[in-house]
Amino acid sequence: AQTVTQSQPEMSVQEAETVTLSCTYDTSESDYYLFWYKQPPSRQMILVIRQEAYKQQNATENRFSVNFQKAAKSFSLKISDSQLGDAAMYFCAYRTLVYNQGGKLIFGQGTELSVKP
Amino acid sequence: EPEVTQTPSHQVTQMGQEVILRCVPISNHLYFYWYRQILGQKVEFLVSFYNNEISEKSEIFDDQFSVERPDGSNFTLKIRSTKLEDSAMYFCASTGRVNEKLFFGSGTQLSVL
């Protein structure tokens, strides 16, 4: 079974600085997706960024980028120029592409990010 | 952007009562999911639903839980006899294909007293 581990329960960053959130996962599959979701206090699940395992190029979305190391099974999220609105819980998630597993997401434990003004 | 709609946003019930949580997935989506999140914990998969049947369920999804797509637009989660430990935020999600973006609803906070 696949597992996702986020070893940093809490992180803090100064406004305008850069922060990296860590995520590792375990799987025997060769093709899958990885995601970072943001959950603000409203508890809405907001997709931040997505990475397809078959793509070597790291995904980027504006100030958010990932460092995907497939062999190491590592998927970290870098937030550049941090803003107060980035403060939230961040979840790393794995999604299988095996058909009969229905495409479920497996989430890590989350990292609570605080941004200091 | 299209939205997944969940009702109610909050539900309070007594232990042992039945509850039905309702979701309206995005209209052309084919895969539907329920997840739950106990306060302060990670989001946990409950069940996936495709082609009018359950495609996968987790250990949490025992005989007290059931899902239904009664009319081609709604997707419901029923808890037959609620327990205190069922108190959580329940998220519905949908997607058109397994390799496409998963859209989450805003959740139903269930409190069992």
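The values are calculated or read from the model by the stated rules, or taken from the named source; none is laboratory data. Here the structure is a predicted model, which is why all the values come from computation and not from measurement. All Cβ positions, even for glycine, are placed from backbone atoms using ideal geometry, and neighbour counts span all protein chains on display. SASA here: full protein model, heavy atoms, side chains in, ligands and nucleic acids out. Shrake-Rupley method; radii C 1.70, N 1.55, O 1.52, S 1.80 Å.
Observations on the model:
- Any hit, the range B:9-32, residues being in a strand (DSSP E or B), over 15 Å from the mean Cα position of the chain (by Cα) and not small (G, A, S): yes
- Scanning the range B:66-89 for residues that are in contact with a Leu (Cβ under 7 Å, 6 or more places away or on another chain) and more than 12 Å from B:Y33 (Cα to Cα) gives B:D86, B:S87, B:A88.
- Any hit, the range A:23-35, residues being modelled with pLDDT of 95 or more and farther than 27 Å from B:G105 by Cβ: yes
- Single residue of the range B:69-80 satisfying the filter (within 13 Å of B:H29 (Cβ to Cβ) and either among the small types (G, A, S) or within 10 Å of the chain's Cα centre (by Cα) (or both)) that is surrounded by the most Cβ atoms within 10 Å (Cβ to Cβ): B:F75
- The strands (runs of 3 or more DSSP E) found entirely in the range A:34-102 that carry 3 or more residues being closer than 16 Å to B:F104 by Cβ are A:46-52, A:88-96.
- Screening the range A:10-33 for residues that are more than 27 Å from B:A93 (Cα to Cα) and assigned to a loop (DSSP other than H, G, I, E, B) and picking the one that is least open to solvent (accessible area, probe 1.4 Å) gives A:A16.
- Boolean, A:L97 is surrounded by 15 or more Cβ atoms within 10 Å (Cβ to Cβ) and away from every other protein chain (no Cβ under 12 Å): no
- Residues that are away from chain B (no Cβ under 13 Å), in contact with a helix residue (DSSP H, G or I) (Cβ under 8 Å, 6 or more places away or on another chain) and crowded, with 18+ Cβ neighbours inside 10 Å do occur in the range A:75-84.
- The condition of being free of Cβ contacts under 8 Å to residues at least 40 places away in the same chain and of a type in the set (G, A, S) holds for only one of B:S48, B:S27, that being B:S48.
Residues checked against (1) within 13 Å of another protein chain (Cβ to nearest Cβ); (2) in a loop (DSSP other than H, G, I, E, B); (3) open to solvent by less than 10 Å² (accessible area, probe 1.4 Å); (4) of a type in the set (K, R):
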{"residue": "B:E59", "(1), (2), (3), (4)": "yes, yes, no, no"}
{"residue": "B:D62", "(1), (2), (3), (4)": "no, yes, no, no"}
{"residue": "B:V67", "(1), (2), (3), (4)": "yes, no, no, no"}
{"residue": "B:T82", "(1), (2), (3), (4)": "no, yes, yes, no"}
{"residue": "B:E85", "(1), (2), (3), (4)": "no, no, no, no"}
{"residue": "B:F91", "(1), (2), (3), (4)": "yes, no, yes, no"}
{"residue": "B:S94", "(1), (2), (3), (4)": "yes, no, yes, no"}
{"residue": "B:V98", "(1), (2), (3), (4)": "yes, yes, no, no"}
{"residue": "B:K101", "(1), (2), (3), (4)": "yes, yes, no, yes"}
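- Selection status of B:I60, in contact with a helix residue (DSSP H, G or I) (Cβ under 8 Å, 6 or more places away or on another chain) and either more than 23 Å from B:H29 (Cα to Cα) or in contact (Cβ under 8 Å) with a residue 24 or more places away in the chain (or both): no
- Among residues of the range A:102-117 that are farther than 25 Å from B:Y50 by Cα and within 7 Å of chain B (Cβ to nearest Cβ), those with a beta-carbon under 6 Å from a residue that is open to solvent by 30 Å² or more (accessible area, probe 1.4 Å) and part of a strand (DSSP E or B) at least six positions away or on a different chain give the pairs A:G110/A:M89.
- Residues being open to solvent by less than 60 Å² (accessible area, probe 1.4 Å) and over 15 Å from B:N74 (Cβ atoms) - total across the range B:20-49: 11
- Pairs with Cβ under 9 Å, 6+ apart, first in the range B:91-109 and over 12 Å from B:S9 (Cβ atoms), second part of a loop (DSSP other than H, G, I, E, B) and among the acidic types (D, E): B:F103/B:E1; B:F103/B:E3
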